[in-house]
1. Hydropathy at least 1.0 by Kyte-Doolittle, axial extent at least 18 angstrom from the Cα trace: which helices of the chain, defined as entire DSSP H runs, fit?
2. Calculate one ³J(HN,Hα) per residue across the stretch 81-89 by plugging θ = phi - 60° into the Karplus curve 6.51 cos²θ - 1.76 cosθ + 1.60, and present them in order as whole Hz with x for glycine and proline.
3. Which value does Rg/Rh take for the chain over its C-alpha atoms, Rh per Kirkwood?
4. First select every other residue whose beta carbon is under 13 angstrom from the beta carbon of Ile108; then total the charges, Lys and Arg +1, Asp and Glu -1.
5. Can you give the convex hull volume per residue for the Cα atoms of the stretch 123-193, as a whole number of Å³?
6. Of the DSSP beta bridges with both residues in the chain, give the percent that are antiparallel, rounding to the nearest 5.
7. Quick one: with all protein chains in place, what share of the accessible area of the chain is carbon or sulfur, to the nearest percent (1.4 Å probe)?
8. Based only on Cα atoms, what mean projected area does the convex hull of the stretch 107-151 have, in nm²?
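The values are calculated or read from the model by the stated rules, or taken from the named source; none is laboratory data. From a predicted model like this one, the values you see are computed outputs, not experimental measurements. With ideal geometry, Cβ positions are generated from the backbone for all residues, glycine too; neighbour counts draw on all protein chains shown. Quick note on the areas: whole protein, heavy atoms, side chains included, nothing else; ligands and nucleic acids left out. Shrake-Rupley method; radii C 1.70, N 1.55, O 1.52, S 1.80 Å.
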Amino acid sequence: MQGNLFQPTIDVAINGFIIIIVVIFIGAILKIFLTKKGVNLKPTINKEISYKKRKALFTKTEIKFLTILEEQIIVNPDLKVFGQVRMIDVIEPNYKLKNWRSAKAKVIQKHFDYVVVNKNDYSIVCAIELNDNSHNKPQRQKRDEFVREACKNANLPLIEIRAAMKYDVDVVMTQMPVAMLEIFLDDKKTQNS
């Protein structure tokens, strides 16, 4: 009779043990399946790949240009300049068309040197590309032509400026469309004074 008193406890222990074994088994199967699918379960960095912080977001030439752009050309207080902006964040493919994935792939890894936006609603005013000597290479010219066409298609004004070691504001302004200059130079603070 005493043996029967412990029988339910042994049954519960065996059932619990079986449940634990099943959970471990399912976990092992999931781990194997996810590993084969390429899911990294441990966030590690490959020892063959290393990263380091860049010294600056912009090159010295880009900094010089940005300085005159912000201080002497874009004096409209309603405008703001952002740098190194991904193209996909500025122009996007028409998702209604069948080839939208291909169109997206063409812009997803490219960026604009600068993007000018309206501070009030962050609507995009234009993109600015600073073209150095690397833009004379055939591969880069092909990329530049694509960027021009994509911007034209998206009705995004694109301003291309020749890079220089030193920038003369008047020379830079001659490379900009008059309509953009009118927007950039609209210093409302001066007009209200």
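1. Working: long enough: 2-36 (52 Å, 1.55); 138-153 (22 Å, -2.04).
The answer, listed by residue number, is 2-36.
2. Ordered by residue, 3J(HN,Hα) equals 10, 10, x, 6, 9, 4, 4, 5, 7 Hz.
3. On the way: Rg = 29.5 Å, Rh = 21.9 Å.
Result for the chain is an Rg/Rh of 1.34.
4. Details: positive: Arg86, Arg101, Lys104, Lys106, Lys110; negative: Asp89, Glu92.
Around Ile108, the surrounding residues sum to +3.
5. Working: hull volume 7.8 nm³, N = 71.
It comes to 110 Å³ per residue, whole-number rounded.
6. Among the beta bridges of the chain, antiparallel pairing accounts for roughly 70 percent.
7. Percent of accessible area from carbon and sulfur atoms in the chain: 58.
8. Reported value for the Cα convex hull: 3.6 nm².
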